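Novice: Sharing a structure with you now.
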Amino acid sequence: MNTQVISQWCFSLLLVTAVFAGGDPVQAQQGANGSTKEESVAVAATPTPTPPDGSLPPTELRAGWYRWDPYQYLLTKNDVTRLTGLDIELLRAIFSRMGYSLTFDEVTWRQHQIDIANGDRDIAAGAFLSEERSKYAYYSDAYRTERNVVYVRPEDAQVYDFGTPAQWLHLLRTRNIRLGVVDGFYYGADMMSFIDDPANASRIVRVMTDDQNFTNLLEKQVDAIAIDALVGETLVWRHDWSKSARRISEPFFSGDIHVIFSKATTTPEMVASFNQSLAQLRQSGEYTQIVREYLLPVLLGVTAGQWWFFVVDVIGTIAFALSGVLLARQGRYSLFGALVLAAVPSVGGGIVRDVLLQRETLSVLKSPIYLLLIFGTVFTFYLIFRLKSFWSKSSQPQTIGDTDDEFLIGHLNKNAAVSFFDAIGLAAFTIIGVIVAVDANIQPLWLWGPLLAALTGAGGGILRDVIRADVDNPGLKGSFYAEVALIWGLFLSLALSWYTAQQDYHPEHITALVVFVLFGALTTRMVVFHYKIRSPMF
């Protein structure tokens, strides 16, 4: 009897709990960012402006897109292709707050402007202010900025270099330069007067996309192209055109970027509602999150894709492999064992990181260069040690070279040059760890950035010592090594978070930040080595 009573009470308690758990629709609709259904309704309840003809307002707006990476582009992942980019995601987020959905059709920028003027499309993103557009479109508040620059072939960089926009215009007027432009784009009043001058028509090559512009430049159909700085850097990075095209001098035109609204189908009230939603997006932090997710990986990728960063990465990989080689020689490991001990500190941390993040392709599998560097380092030192042993036996038959080995290994372990190269590797891998955290879009960045930096930079060395069954694992007992990656990974993560809250984005700013962190981590590690600083003990 007591058992039945207890069972009934338990059942009643479960029933009441279920009712209360499911009875709050506001809590049930909370999203990952903490917003609630009530908040969404409040935003969506913004009065929808009535079109000029008095008809019922639409809930779907017609937009267009064109190939303009990283602002608008197609992304294929896991065999699924979708339209994305900074501008696309910002538009979706802002208009969703207003209660609108958007349809995007691929269309050229020139045709997009014609459609806006005729009322065949409602909005267009990525527009400079111009007198002509003001005749048929309303302008939103600025949501970012752009800078137009010039790209030429490397052999022409000195010939066409300029210091000011006026000097660039002088070059265009005095030299027979064939200039590639995107039809319908606005390049500033002075440049547009030159481009639209009938006398220059034979020297202006109009195309539909910036990709076409670069193709024409590489095929020598034009001598120079005008392009947004970030778009140019992105295309050069994605297509590996760094040896075939070069940006020259400073921007010749820059300005704020707006969303334009067709005067034929929208009203000033809709624009005001858009501006209000844009302000709310900034205040809520969602704007920063979108920039971090869709633009920051590109900015970091442009920097990490430069030749100097590749050199730093290679030096670090060899240095980490060398640490494994010395331990293998000291412990009399087999050749295969030496390969394992060399590979684990070089790529082990990255493999563990990629597996934990469930990345589609492990970084080490994307290029054979790193494994080849490891193999090359192991076999090179294998031959060096073999030759040294042979020379020691032939010149001093009474010894077997153990004393010489201990001297050489000890010398290399304590050598400042070896430690310097190892510090370069730690610094480079620290930056790579933060880049992966950004690319994976795991939040908060200030937490996961430094953790992945430490895992990438020091995780492999710790794994190597675990494989060796080293009870004095230096990575976990006193060595101030992983802490360097944690400190500078945190600094880089915080700096990137701050930067994405701005409105003006330049690849050179990110490059300068990465270089600063690289030298900071390198210097910190060398100071630790010189002064024999130890990690605080538990």
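Novice: Hey, can you tell me all the residues within the range 324-338 that are out of contact with any Lys or Arg (no Cβ under 8 Å at 6 or more places or on another chain) and either within 18 Å of residue 418 (Cβ to Cβ) or not assigned by TED's automatic domain parsing to the domain that holds residue 424 (or both)?
Specialist: 325, 326, 328, 329, 330
Novice: Can you tell me how many residues within the range 62-86 are within 16 Å of the chain's Cα centre (by Cα) and either on the phi < 0 side of the Ramachandran plot or surrounded by fewer than 22 Cβ atoms within 10 Å (Cβ to Cβ) (or both)?
Specialist: So the count comes out to 8.
Novice: Among (1) surrounded by 16 or more Cβ atoms within 10 Å (Cβ to Cβ); (2) in the same structural domain as residue 509 (by TED's automatic domain parsing), there is one condition residue 286 misses while meeting the rest; what is its number?
Specialist: Every condition holds for residue 286 apart from (2).
Novice: Quick check on this structure: which one of 228, 256 is in contact (Cβ under 8 Å) with a residue 60 or more places away in the chain, under 23 Å from residue 106 (Cβ atoms) and acidic (Asp, Glu)?
Specialist: Unique residue meeting the criteria: 228.
Novice: Do we have residue 211 as closer than 28 Å to residue 124 by Cβ, crowded, with 21+ Cβ neighbours inside 10 Å and under 27 Å from the mean Cα position of the chain (by Cα) here?
Specialist: No: the conditions fail for residue 211.
Novice: For residue 451, state whether it is within 30 Å of residue 325 (Cβ to Cβ), at pLDDT 95 or above and in contact with a Lys or Arg (Cβ under 8 Å, 6 or more places away or on another chain).
Specialist: no
Novice: So if I check each of 378, 347, which one is at pLDDT 90 or above and closer than 26 Å to residue 449 by Cα?
Specialist: After ruling out the rest, the residue left standing is 347.
Novice: Is it the case that residue 142 is closer than 29 Å to residue 508 by Cα, in a loop (DSSP other than H, G, I, E, B) and hydrophobic (A, V, I, L, M, F, W, C)?
Specialist: Taking the combined requirement at face value, the residue satisfies it.
Novice: Follow-up. So which residues in the range 164-188 are of a type outside the set (A, V, I, L, M) and assigned to a loop (DSSP other than H, G, I, E, B), if there are any at all?
Specialist: Once the filter is applied, which keeps residues that are of a type outside the set (A, V, I, L, M) and assigned to a loop (DSSP other than H, G, I, E, B), the range 164-188 yields 164, 175, 176, 178, 183, 184, 185, 186, 187, 188.
Novice: Here's something else I'd like to know. Report yes if some residue within the range 302-316 is in the same structural domain as residue 363 (by TED's automatic domain parsing), outside any helix (DSSP H, G or I) and not β-branched (Val, Ile, Thr); otherwise report no.
Specialist: Looking for residues that are in the same structural domain as residue 363 (by TED's automatic domain parsing), outside any helix (DSSP H, G or I) and not β-branched (Val, Ile, Thr), one finds at least one in the range 302-316, hence yes.
Novice: Test each condition in (1) farther than 25 Å from residue 338 by Cβ; (2) part of a loop (DSSP other than H, G, I, E, B); (3) acidic (Asp, Glu) for residue 470 and report the one that comes out false.
Specialist: Only one criterion is unmet by residue 470, namely (1).
Rundown of residues vs (1) of a type in the set (Asp, Glu); (2) surrounded by 20 or more Cβ atoms within 10 Å (Cβ to Cβ), yes/no style:
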{"site": "114", "(1), (2)": "no, no"}
{"site": "123", "(1), (2)": "no, yes"}
{"site": "126", "(1), (2)": "no, yes"}
{"site": "135", "(1), (2)": "no, no"}
{"site": "141", "(1), (2)": "yes, no"}
{"site": "151", "(1), (2)": "no, yes"}
{"site": "156", "(1), (2)": "yes, no"}
{"site": "164", "(1), (2)": "no, no"}
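The values are calculated or read from the model by the stated rules, or taken from the named source; none is laboratory data. Worth saying up front: this structure is predicted, and the values here are computed from it rather than measured. All Cβ positions, even for glycine, are placed from backbone atoms using ideal geometry, and neighbour counts span all protein chains on display.
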